[in-house]
Amino acid sequence: MLVDAGTRHARRRILRQLRAERVAAHALTHAHPDHQGASKAVCEELGIPLWCGEGDVEAMETTGGVAASQPPGLINRLQERFWTGPPHPVARALREGDEVAGFSVLEVPGHSPGHLAFYREFDGALVLGDVLNNMNVATGIPGLHEPPAVFTPDPARNRESARRLADLSPRLVCFGHGAPLRDPQRLRAFVDALARD
């Protein structure tokens, strides 16, 4: 299972890294330009289906859909122009409780309408996409952060999603941006400090 696919410029790197692997499907945490950019190319090259959250299907399948799902602004227009990949049919709309490669699908909207996380209970592994970042996306400095509001249509709902994920006490958290985290207490403390809207 391949989760997310970077910008549209990531195609060659992803295919090179997957050369010796057998990949059955490609799932998105969400349909933002830095996660879906190479999805069409990778799916077509490997002959695999694309799966994403029900709330992001339209964004992934329609020209301009990704841009329409983002808040207005210069940064998002630049991402649309330089990072966004072409639309691609979604073979499976993922919903709460579905299983993907041994992970349970969790619907965690806010950063996008159909944002998903993938959780494996037996070892506490969590792939949370961009519900939170473990780096400042502007500076690259490590540390827990909320995703910038310019990329998050519903920050209050995203905080609710972050609280839900922290309640799982995951032992390994993999982010869309930043290094993995193996400290459930640190995640809990950060989420508890978030403003309640």
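Assorted remarks:
- Which numbered condition R157 fails, given (1) over 20 Å from D192 (Cβ atoms); (2) surrounded by fewer than 20 Cβ atoms within 10 Å (Cβ to Cβ); (3) touching a residue at least 40 places away in the same chain (Cβ under 8 Å): (1)
- Of all the listed residues (A117, A125, A166, A162), the sole one being surrounded by fewer than 21 Cβ atoms within 10 Å (Cβ to Cβ) and of a type outside the set (D, E, K, R) is A125.
- Within region 21-50, the set of residues being surrounded by 24 or more Cβ atoms within 10 Å (Cβ to Cβ) and without any contact (Cβ under 8 Å) to a residue 40 or more places away in the chain comprises just one member, H26.
- Qualifying residue in region 171-178 (condition: surrounded by fewer than 18 Cβ atoms within 10 Å (Cβ to Cβ), in a loop (DSSP other than H, G, I, E, B) and either of a type in the set (D, E) or without any contact (Cβ under 8 Å) to a residue 12 or more places away in the chain (or both)): no
- L187 meets the stated requirement of being surrounded by 14 or more Cβ atoms within 10 Å (Cβ to Cβ), out of contact with any Ser or Thr (no Cβ under 6 Å at 6 or more places or on another chain), assigned to a helix (DSSP H, G or I) and not aromatic (F, W, Y).
- Which numbered condition T139 misses (of (1) among the hydroxyl-bearing types (S, T, Y); (2) more than 15 Å from E160 (Cβ to Cβ); (3) touching a residue at least 60 places away in the same chain (Cβ under 8 Å)): (3)
- Unmet criterion (only one of (1) surrounded by 14 or more Cβ atoms within 10 Å (Cβ to Cβ); (2) at pLDDT 95 or above; (3) out of contact with any Phe, Trp or Tyr (no Cβ under 7 Å at 6 or more places or on another chain); (4) over 16 Å from A31 (Cα atoms)) for A193: (1)
- Residue check, V100 more than 18 Å from K40 (Cα to Cα), of a type in the set (V, I, T) and at pLDDT 95 or above: yes
The values are calculated or read from the model by the stated rules, or taken from the named source; none is laboratory data. Given the structure is predicted, the values throughout are model-derived calculations rather than measurements. Reconstructed Cβ throughout: ideal geometry from the backbone, glycine too, with neighbour counts over all protein chains shown.
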